[in-house]
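Notes for the one structure printed next.
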2 protein chains.
Amino acid sequence: MVTDEMGAVRTPGRPRSEKAEKAIIDATVEMIAEGSGVSELSIEAIAARAGVGKTTIYRRWANKEELVVDAMATLKAPIPEPGGVSARDDLVSFLAAILKETGHPRHRCIMNLAMSESERFPHLLERFREIAIQPRQAALRSLLRRGAQTGELRADIDVEVAMATLNGAMVYFTKWRDKDEVLSPDLPERIVDQVLTGLRP
Amino acid sequence: MVTDEMGAVRTPGRPRSEKAEKAIIDATVEMIAEGSGVSELSIEAIAARAGVGKTTIYRRWANKEELVVDAMATLKAPIPEPGGVSARDDLVSFLAAILKETGHPRHRCIMNLAMSESERFPHLLERFREIAIQPRQAALRSLLRRGAQTGELRADIDVEVAMATLNGAMVYFTKWRDKDEVLSPDLPERIVDQVLTGLRP
DNA sequence: AAATTTCGATACGGTGTAGTTTCGCAACGC
DNA sequence: GCGTTGCGAAACTACACCGTATCGAAATTT
């Protein structure tokens, strides 16, 4: 018996292939990114795409949902950087980062699942909150709090509502715009400036 | 050969049953409202639920997507009433109407489809825009324009961004709140007031 | 070398659905 | 009454996928 560098016991026999594991998860992520819902995802298709036997999948995951959950867990939330000069600039950068992500298939993957299937797959929803929603909410919240402290924003702002308007506006544009309507790249600025300034004269 | 009151030619033989047609569409809507995605909907299940032979469905619709499209077409956009005293009140009423709808299964049906499957089913997306998005956008847009005309809002507001923040904020709360977090009923007011006032001191 | 475990491949029985066809009956115009 | 068409029910063929089992080869410990 042998222990690896982590101190874990290594059992005899051929070790599990990390390459296969990665290929399986990659295939899963790709297929979701291409628009497959969880229910359309078949183990057979994943195995074929990953160039792997079905056995290799079943040996590692008990069911589809767990595989998808693990696949999502590999998609790290890209850290939105807080380090700007003003709250306004930080907010613009934050929204710009989100806008940029939506073009990336990996995060379209997260989005698709979040929007559609989270209701039917509770574990998935849980993991999704953890990976995608909460980090961003936390970042945005601290941005707003800091702005309120420095006096750039009112001290009594409703942070949750502010988060909803900013974040919601981006989602609205990226998900519900007309099919071939182009997103103007200054969207983040327009949104932030309007939210900061308000609509009243 | 006979013509009905619309002047259309009535072919010989037994006429198609409107009752069956309604039952089919109702069953479809119900199942979607309960969380079925388009791909999970089976013609067989619809037929069984509607108390109808599969033949009766296939005779009318060539495929599932067309059936779903027709089913959605029966869900009228509930007219958001414009007749308030101030732009602020109108906006609050508008958001309140949307909030109320989200509790209603029929509109959860629309929402679910819109969020999830619209990318994969272009006809569906098209119809969804027509039924759900465009009427609301139009109503909200005219509300904002009117507010700008009366001077209650600035004359130079970015209407599209304003729509996105208001509408997006509601969607954000209704879709992405924590599972058992309750929606405070004054949400529409909080959103509208913040969007109108802005975040700056 | 022997034992053990995983690998990809393939095959298997079982289930669910698609879409078609057939049946006997019902509803309509002629 | 007759011809036509729609009706619900059932049977049918054809897949796709599930989850398991089996295979010979490969990788690793003992």
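Beyond 11 Å, what percent of the Cα pairs of region B:136-184 remain? That fraction is 70 percent.
Straight-distance candidates among the aspartates and glutamates for linking to B:Lys175, with alpha-carbon spacing under 18 Å and chain neighbours fewer than 8 residues away dropped: A:Glu117, A:Glu119, A:Glu126, A:Glu130, A:Glu160, B:Glu34, B:Glu101, B:Glu117, B:Asp186.
Relative to the other identical copies, B:Ser86 shows label-point distances of 2.9 nm, where the label point lies 7 Å from Cα along the Cβ direction and values run shortest first. To the nearest ten degrees, helix B:64-73 and the longest principal axis of the Cα atoms of chain B are 50 degrees apart. Legend: mean number of C-beta atoms from other chains within 10 angstrom of residue C-beta atoms, peptide A:182-195, equals 3. Reported value for region A:157-196: 55 Å³ per residue, from the convex hull of its C-alpha atoms. Listed peptides B:20-29, A:161-170 appear in the order A:161-170, B:20-29 once ranked by packing, highest mean of other Cβ atoms within 10 Å at the front. Each residue of region B:14-73 gets 74 Å³ once the volume of the Cα convex hull is shared out per residue.
The mean count of C-beta atoms from other chains within 10 Å of the C-beta of residues in A:35-41, rounded to a whole number, is 3. With everything on Cα atoms, drop me the angle between helix A:187-197 and the longest principal axis of chain A, reported from 0 to 90° to the nearest 10. Rounded to the nearest ten degrees, it is 50. Normalised size of region B:111-201, defined as Cα radius of gyration per 2.2 N^0.38 Å with N residues, equals 1.27. Electrostatic bookkeeping for B:Leu124 treats Lys and Arg as +1 and Asp and Glu as -1; over the other residues with beta carbon under 9 Å from its beta carbon, the sum is -1. Here's the picture: a label point sits 7 Å out from the Cα of A:Arg154 along the beta-carbon direction, and within region A:176-198 the residues with their amide nitrogen under 12 Å of it are A:196-198.
Convex hull volume of the Cα atoms of chain B, normalised per residue: 170 Å³.
With its label point defined 7 Å out from Cα along the Cα-to-Cβ axis, B:Lys54 lies at 2.3 nm from the matching points of the other copies, in increasing order. Coupling constants for region A:24-31 follow from the phi torsions by the Karplus curve (6.51 cos²θ - 1.76 cosθ + 1.60, θ = phi - 60°), and in residue order they are 5, 5, 4, 4, 4, 4, 4, 5 Hz; glycine and proline get x.
Sorting the Cα pairs of the protein assembly as shown by distance into bins of 10 Å, from 0 upward, gives 4, 19, 26, 23, 14, 9, 3, 1, 0 percent per bin.
For chain A, with a Gaussian network of springs between Cα atoms less than 10 Å apart, report the residue from A:Phe173, A:Phe128, A:Phe94 with the top mean-square fluctuation. Among A:Phe173, A:Phe128, A:Phe94, the largest mean-square fluctuation in the Gaussian network model of chain A belongs to A:Phe173.
Roughly how tilted is helix A:159-176, in degrees to the nearest 10 and between 0 and 90, from the longest Cα axis of chain A? On a 0 to 90 degree scale, this one is about 70. Listed by chain and number, the lysines whose C-alpha is less than 17 Å from the C-alpha of B:Lys19, apart from same-chain residues fewer than 8 away, are B:Lys54.
Read-outs: derived from the displayed coordinates by stated rules, not from any lab. For clarity, every value in this text was computed on a predicted model and none was experimentally measured. With ideal geometry, Cβ positions are generated from the backbone for all residues, glycine too; neighbour counts draw on all protein chains shown.
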